[in-house]
Each structure stands twice: as C-alpha cells, then as structure tokens.
Amino acid sequence: MEVEIKVRRFNGEKSYWQKYRVPVLSGMTVLDALLYIKENIDATLSFRYSCRMGVCGSCAVKINNKPRLACETQILQLKDVQIEPINNFRVIKDLITDFDDFFAKHRIVKPYLIRKNDSYEKPVEMIQTPKQLKKYYRYSLCIKCGACNSVCPVSSTRDDYLGPAIMTTVYRFMTDNRDEGKDERFKIVSSERGVWRCHFASECSEVCPKNVEPAKAVQKLRIKSIIYEIKKFFK
Ligand code: FES
C-alpha cells in the first residue's frame, strides 16, 4: 500500500510543502518513510536522527501537528501524514532545527552531579537506596528531544526563558541526595528566566514521549524554591 506524505521544507530562503508517495509495510515508522524518501525519491530532503530507537531524542518532528519521535511513530496508525519541524526552534533546513540555544541553557544549570570535596584521585562510593533513586528517576529519563520546549507558550514568546526540559533537568539534580549544587542552581531557576515564568499550561507533559512530566517538575521546583528562600531568610 502507498501513503502520501506531506513534508514542510525550508531551503534557507522559503518554506513550502512537498508531497511524496511512499510504499509502506506493517511496522514501518515515520523515520523509515523519511529514509525511504531520501534514498529513493529525493536525496535533498534533510532530517536528523541517530539511534532509531527512542533514546537519542534527535528525530523529534511535528507529525500531524503534534511533536513526536519519528522513529517511534508507526506510519500505519496515522490517517494522513504531515511532517514539520518542531516549533520554538529556528529551522536550519527542512526538518532540522537549531538546538544550540537549548543546549547552552542546559550548560547554564550544570547538568551533572556537583560534589564539593570529591576528587578523581580518591573517588567516594555514593550508595543510594531505592527510595532515594525513586525521587528523581522519572525526571532522569528525559532524552532532550525538545518536544516539551516546542509546545511551551512561554518559550515561544521569551528567548531567555529556560523552558521545561532544562528545569526538569534541574529538578532531577535537586532531588538527588548526592548532589551539593543546590545554591548555584536555585539562583538560576528562581531568577526571571526560571520557574516563576511558567504559566502552567502543562502542554509539555502532554507531548513528552518519555512521560517525564516536565510540568510537574517545574511546579515541584517552585515549592522547593519557596522553601529554600524561607530557610535562607531565617538563617
Ligand atoms: Fe533517536 Fe529517534 S532516532 S530518538
């Protein structure tokens, strides 16, 4: 059976729709269809992918108006197939968007465990109980696909807003009992570009392909920020 696929293209100057007819088989994903087009119909079509198994997050595109992972979306489960680049990211070419700012914001919040006195020469074993792990495990499943940021109404209007993915990363480290970087991170997420900008639209949690629930992470981070400020005030 053949399916018509409509792809939003951008050549650096103008944006336009292009239609392709692709033979599909059971089990075929949207990414498989894009690869078929590239190999057999139009080698100029550009898109990004890597793992092909929902791990790297690089294949996020808008499929029928919803951000999804192309490698995890079964083509036969869709009625029509319309593929576009995700919103709130600058389009470089066709379905490829610019993630430089997204990862620059990740670097600002230091997305790694901060330990004050550990050294590589004398590593310390940091044992965690299953209960301690459970506190942040869900939030550690984020694959940085950008789907949540692409539907965030605040991210669409403010370039400096950190956005749901970055604040989820912050929450993940804030709830890790091994981390000692809370002071540094609170300063960033309590600022004008952090948690207080969120309008709680919750679209981010709706579209997350890994069910990470960024909206919940941001709200929990707000509570933590309030407690942190109160404690600081009474110190
Ligand atoms: Fe890695 Fe889709 S190619 S998540």
Treating cross-link reach as a plain straight distance, find the lysines whose alpha-carbon is under 28 Å from the alpha-carbon of LYS6, omitting any fewer than eight places away in the same chain.
LYS14, LYS19, LYS38, LYS62, LYS66, LYS79, LYS93, LYS144, LYS210
For an R0 of 30 angstrom, estimate the FRET efficiency from the Cβ-Cβ distance between GLU184 and THR157 and round to the nearest 0.05.
0.65
In sequence order, what are the phi-derived ³J(HN,Hα) couplings for region 75-90 according to the Karplus relation 6.51 cos²θ - 1.76 cosθ + 1.60 with θ = phi - 60°, rounded to whole Hz, with x for glycine and proline?
5, 6, 8, 9, 7, 10, 10, 10, 10, 9, x, 5, 6, 6, 10, 5
Cα-only radius of gyration and Dmax that characterise the chain, units Å
20.3, 69
On a straight-distance basis, which aspartates and glutamates could pair with LYS220 in a cross-link, Cα separation under 16 angstrom, same-chain partners fewer than 8 positions away excluded?
ASP176, GLU229
Shape of region 112-159, Cα gyration tensor, a/c cut at 1.5:
prolate
Full extension between MET53 and ASN211 adds, at 0.36 nm per residue less the Cα distance, a length in nm of 55.3 nm
At 37 °C and 0.692 mPa s, what whole-number value in µm²/s does Stokes-Einstein give for the translational diffusion of region 94-187, with Rh from the Kirkwood sum over Cα pairs?
220
Fewest to most neighbouring Cβ within 10 Å: what's the order for ASP100, ASP176?
ASP100, ASP176
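So for each of 225-235, 151-161 I average, over its residues, the number of other beta carbons within 10 Å; can you give me the resulting order with the highest mean first?
151-161, 225-235
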Cα-based Rg/(2.2 N^0.38 Å) for region 12-151, rounded to two decimals, is 1.35
Going highest first, how would you order 13-24, 46-57 by mean Cβ packing within 10 Å?
46-57, 13-24
Can you give the angle from 0 to 90° between the axis of helix 164-174 and the longest principal axis of the chain, with both taken from C-alpha atoms, to the nearest 10?
30
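Every number in this text was worked out from the coordinates using simple rules, so none of it is lab data. Nothing here was measured: the structure is a model prediction, and the numbers come from that model. Note: ideal-geometry Cβ built from the backbone for every residue, glycine included; neighbour counts use all protein chains shown.
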